[in-house]
Amino acid sequence: MNLRDLNYLVALADLRHFGKAADACFVSQPTLSTQIRKLEEELGVTLIERAPRKVMLTAAGQDMVQRARRIVAEVEQMKEAARRSKDPESGTLRLGVFPTLAPYLLPHVVPDLRERFPQLVLLLVEEKSDVLLQRLREGKLDAALLALPVHDEQLHAQFLFEEPFVLAAPQHHELAKKKQLDMDQLSDETLLLLEDGHCLRDQALDVCRLSGAQEKAGFRATSLETLRQMVAAGVGVTLLPALSVHEPIVQPAGIKLVPFRKPAPSRRIALVWRKSSALDGFLHTLADAIGARARAQLS
C-alpha cells in the first residue's frame, strides 16, 4: 500500500467512474483499475462494487475512503508545513466563503490581503456552509469564513466580526415608514427567506422564532439578490446582512432599508480551520487582518 494507491481510491470515490478517476490522476484506466484491485487484495476486502456504467463503494470501501482522505490530507499538510517553514506568508491558501457573505466582504478584504501578503496566492471557493465544512474536514480547504456556531472539536474558530441585519421592505410598506425597529414589530410579518442549505436561512428563522414572524409560504429564493429584487417588486419583506447593503452595493428602486434598535439581530462570522493545520500560526494572523478590515467596513 502506498500514497499513490490511496489517491486513486479517493479519486474513484469522488468521481464514481474509472475513466474520469484515471484522468484526474494522470494515469491510464487499466493502471488505476489494477492498483485498486491490488489494494483490495492487500486489505483482503472488496472496496468497489463494480456494475455496468456504475461504481459504488462497499461498506468497507466507504470506511477505507474516509481513512484514506485523512492520510492524504495529513501528507499534504506535511508538505505545506515544509513549504511554510521557509516563508509562512507565501504559497497557496485555499479559502472557502459562503454565498451570502462572499460578494460583499471579499472585494474589501482581498486588496488588503494582497498588499499585506504579496507572495500569497488566494484560491477562493464559494459554497454553502455544509459543503465548506465537509471540504475543510477532508483537507480540500485550508480555512473557511463561516457563521458561528461551528460544532466540531477538530476545528478551531476565530471570531472576526458581528454583522447586524436590517429589514428590507417595499417603500410603501407600513414598516418602511419607521426610522428604527424593535424585534417584536415583526410579529405579524411573513418574511421572504432563502432555500434550504443557506446559513442565512437558519439565521433568519432564528429571528422569526424570537420575534413571532413567519416564513412566507410557497417561496424560497436561491440567492440574496433574488430576495432583494422580490422585496423591490413588493412581494414582501426580508432580512439583509449589513455588508450586503453598504456602499458600493446599490439598492434597487422601491426598496427601503430599516435598521433595528440595539441589540439588533445579527450573525457572528469566524475564520475556521483544522486544529491540526500546519498553517495555524499564519491563519491567526490572517484572521486578524480579515476581521479588522470587516469591522472597519461595518463602522
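What the table shows:
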quantity: One residue from 5, 14 being among the acidic types (Asp, Glu) and either within 23 Å of residue 154 (Cβ to Cβ) or without any contact (Cβ under 8 Å) to a residue 12 or more places away in the chain (or both); calculated: 14
quantity: Residues that are part of a helix (DSSP H, G or I), surrounded by 15 or more Cβ atoms within 10 Å (Cβ to Cβ) and at pLDDT 85 or above, drawn from the stretch 174-201; calculated: 175, 176, 183, 185, 186, 201
quantity: Selection from the stretch 119-132 of residues that are free of Cβ contacts under 8 Å to residues at least 40 places away in the same chain and crowded, with 18+ Cβ neighbours inside 10 Å; calculated: 127, 132
quantity: Residue identified as under 30 Å from residue 248 (Cβ atoms) and not hydrophobic (A, V, I, L, M, F, W, C) among 79, 54, 140, 128; calculated: 128
quantity: Cross-chain or 6+ apart pairs with Cβ under 8 Å, the stretch 17-46 first and closer than 15 Å to residue 3 by Cα, then surrounded by fewer than 14 Cβ atoms within 10 Å (Cβ to Cβ); calculated: 35/4; 39/1; 42/1; 43/1
quantity: Tabulated pairs, the stretch 150-173, first crowded, with 20+ Cβ neighbours inside 10 Å, second of a type in the set (S, T, N, Q), C-beta under 7 angstrom, 6+ apart or interchain; calculated: 163/266; 165/266; 168/238
quantity: Residue within the stretch 222-233 that is at positive phi and modelled with pLDDT under 90 present; calculated: no
quantity: Residue among 147, 204 that is modelled with pLDDT under 85 and either under 25 Å from residue 286 (Cβ atoms) or surrounded by 20 or more Cβ atoms within 10 Å (Cβ to Cβ) (or both); calculated: 204
quantity: Which listed residue is in the same structural domain as residue 135 (by TED's automatic domain parsing) and not charged (D, E, K, R), from 186, 155, 243; calculated: 155
quantity: Conditions (1) in contact (Cβ under 8 Å) with a residue 40 or more places away in the chain; (2) farther than 30 Å from residue 203 by Cα; number of the one not met by residue 105; calculated: (2)
quantity: Unique residue being modelled with pLDDT of 90 or more and closer than 18 Å to residue 282 by Cβ when the list is 67, 84, 94; calculated: 94
quantity: Residue 166 being modelled with pLDDT of 90 or more and more than 27 Å from residue 205 (Cα to Cα); calculated: no
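The values are calculated or read from the model by the stated rules, or taken from the named source; none is laboratory data. On a predicted model such as this, the values are computed, not experimentally measured, just so you know. Positions of Cβ are generated from backbone atoms using ideal geometry, with glycine treated the same way; all protein chains shown enter the neighbour counts.
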